[in-house]
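Below you'll find the structure, written out as structure tokens, and then a few comments.
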Amino acid sequence: MKKYIEGETKEQRRARKARDKTTPQVVVEPTPLVSDGIKRYVVCLKYGNKYSADYVNKLYNMVKRNLTLDHEFVCFTENSTDIDPEIRIEPIPLISGVQGWWYKPMFFNPKLGLKGTILFFDLDVVIFRNIDYLFTYETNKFCIIRDFNRHVIRNYNKFNSSIFRLTTGMHSAVYTDFMKNPNIPIRKYHGDQDWIRETIKDGEYVYWPDEWIESYKWEMRGKPRYNRQARGQRDFEVNGDPVVKDATSVAVFHGDPNPHNCKDQWVIDNWR
């Protein structure tokens, strides 16, 4: 069982573990996690076998390379096997009938256990440039992606929950109303993002600028045809290079292909 101290940085954790091997009686008080008084968390969700631990570890590495603000990386999962030991693990409270993305409402739980600003990422993303502004943009507001159907429908006004940011306890009805009877929204809505959009009303959210976060297959690769592999294993019929805008920092891989199946050299170079 890993021991975590609230507010302790990775460097302090390594140093403490080294000291404990030789002088276990020494107690070192940790300094605050962040220097500006705002505690930041980058969180992800791994449920079941759809994505391997490698997805968690690569997301952690991409965040570490591209986020300069002090933060703690936390993975919520029911199975931490092979996840990097530097990553803080929080257990998923298993709920009957709830699977996969339908665990996302738990991040709106005011008693989640993380107190501060929470930036959520799906596992199937590629982060390739600095993402500090995902924390600093429109602070104290709920931020989310405008769904990628924006690519074909002007003024499209639905959510894509691949990435969102909130302050602990914000829009808690997303969680509390869901938990009254999870089977009702699960039957009624296609996915969690539709439930979140239904619960959070106009004026209670802001979209990140579209160019900051783009759909890899639709906006960056122009909707190329797939090869003949089965759904979930498909890649593009012809591999190529994406169009990368100057303002874009994150590519989202909704549907096929998944990053580990995509043989575009750009993906191989950046998803690591």
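Descriptive notes on the structure:
- Residue in the stretch 251-261 that is crowded, with 17+ Cβ neighbours inside 10 Å and touching a Ser or Thr at 6+ places or on another chain (Cβ under 6 Å) present: yes
- The stretch 81-98, residues that are buried (at least 19 other Cβ atoms within 10 Å of the Cβ) and either among the hydroxyl-bearing types (Ser, Thr, Tyr) or over 26 Å from GLY37 (Cα atoms) (or both): ILE83, VAL98
- Residue in the stretch 159-174 that is farthest from the chain's Cα centre (by Cα), counting only those that are farther than 16 Å from GLU138 by Cα and of a type in the set (A, V, I, L, M, F, W, C): ALA173
- Those strands (runs of 3 or more DSSP E) of the stretch 34-142 in which 1 or more residues are of a type in the set (Gly, Ala, Ser) are absent.
- The lone exception for TRP208 - which of (1) touching a strand residue (DSSP E or B) at 6+ places or on another chain (Cβ under 8 Å); (2) free of Cβ contacts under 8 Å to residues at least 40 places away in the same chain it fails: (2)
- The residues of the stretch 177-223 that are surrounded by fewer than 16 Cβ atoms within 10 Å (Cβ to Cβ) and either of a type in the set (D, E, K, R) or in contact with a Cys (Cβ under 6 Å, 6 or more places away or on another chain) (or both), listed by number, are LYS180, ARG187, LYS188, GLU198, LYS201, ASP202, GLU204, VAL206, GLU211, LYS223.
- Pairs are defined by a Cβ separation below 6 Å, a sequence spacing of at least 6 or placement on different chains, a first member in the stretch 124-150 that is closer than 12 Å to THR248 by Cα and modelled with pLDDT of 95 or more, and a second member that is among the hydrophobic types (A, V, I, L, M, F, W, C) and part of a loop (DSSP other than H, G, I, E, B); the pairs so defined are VAL126/TRP271; ILE131/LEU67.
The values are calculated or read from the model by the stated rules, or taken from the named source; none is laboratory data. Source: prediction; values computed, not measured. Neighbour counts are summed over all protein chains in view; Cβ atoms, including those assigned to glycine, are modelled from backbone coordinates with ideal geometry.
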